[in-house]
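Report on one structure; see the data block that follows.
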Amino acid sequence: MTVGSLAQIKMGTEALALCIAGVLCERDPSLLAAFRERVQMLYRVLDDRGDHEAAAMVGAFGRALVDPAFKPLPN
């Protein structure tokens, strides 16, 4: 696989995970706190072991969960 293909697979996986987490949090807003906690924990683990690229991705994922720009528009 080429580097470009791997990057596309990674972006697709991240997008899918964000969509799933977003839908779960929409259906049960009490899950948002648990998602945030796990994202912060995973960020710290990745950053501590020196995987800064993965930590940045996880951090962006966590911010996207609470960013109003990612919320669906009301009908």
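Bear in mind that the values in this text are calculations on the coordinates, not laboratory data. This structure is a prediction, so every number in the text was calculated from the model and none was measured.
Please state the relative contact order of the chain as a whole percent: Cα pairs under 8 Å, 6+ residues apart?
Numbers: 31 pairs, mean separation 20.9, N = 75.
Relative contact order, the chain: 28 percent.
Rounded to the nearest 500, the 222 nm mean residue ellipticity of the chain from helices alone is -26500 deg cm²/dmol, with -39,500 (n - 2.57) taken per DSSP H run of at least 4 residues. Just the number, please: Stokes-Einstein D of the chain in µm²/s, Kirkwood Rh from C-alpha pairs, 10 °C, 1.306 mPa s. In µm²/s, the coefficient rounds to 118.
Helix check for the chain. Which DSSP H runs span at least 15 Å along their own axis by Cα, with a mean Kyte-Doolittle hydropathy no less than 0.5? Could you put the intermediate results ahead of the total?
Working: long enough: 3-27 (36 Å, 1.00); 31-48 (26 Å, 0.17); 52-66 (22 Å, 0.93).
Sorted by number, the helices that extend far enough and score high enough are 3-27, 52-66.
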